[in-house]
1. Note the direction-averaged projected area, equal to a quarter of the hull surface, for the Cα convex hull of region 1-44, in nm².
2. Over the residues of the chain, compute the C-alpha Rg and express it relative to 2.2 N^0.38 Å.
3. To the nearest 20 Debye, how big is the dipole of the chain about its Cα centre, given +1 on the beta carbon of each Lys and Arg and -1 on that of each Asp and Glu?
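We did not get these values from a lab; they are worked out from the coordinates using the rules stated. It should be emphasised that the depicted structure is a prediction, and the values quoted were computed from it without experimental measurement. Here the Cβ is made from the backbone with ideal geometry for all residues, glycine too, and neighbour counts use every protein chain on show.
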Amino acid sequence: MTETPQAFVAYSSRDSKLAELISTGVAKANRKVGKRIHYEPWEFNDIAGNPLVSPILEGIDRSEYVVADITYLNLNVVYEVGFAIGRSKTG
């Protein structure tokens, strides 16, 4: 059985309305595309008391694709995009 490809979704939480829109869109996309691809937003790695960087970089490593919203330039998202490029991820 083939594992479902994963896409890591990176975006800034600076604009809460935009972040909510992206999060809702990710949930809808996951319901619609079923087992063809699974989108994993960064906030799924935001676990209280745990460092945030390691789980995010691990999420990017696990993913075949990376989707990043750069509506607002955010150093974290830019870093994640650079890390993904360095890991030869498709976007």
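1. Details: hull surface 12.2 nm².
Mean orientational projected area (region 1-44, Cα hull): 3.1 nm².
2. Values: Rg = 12.8 Å, N = 91, 2.2 N^0.38 = 12.2 Å.
Compared with the compact-globule rule of thumb, the chain sits at 1.05.
3. Working: 10 positive and 11 negative charges, 76 e Å.
The dipole of the chain has a size of about 360 debye.
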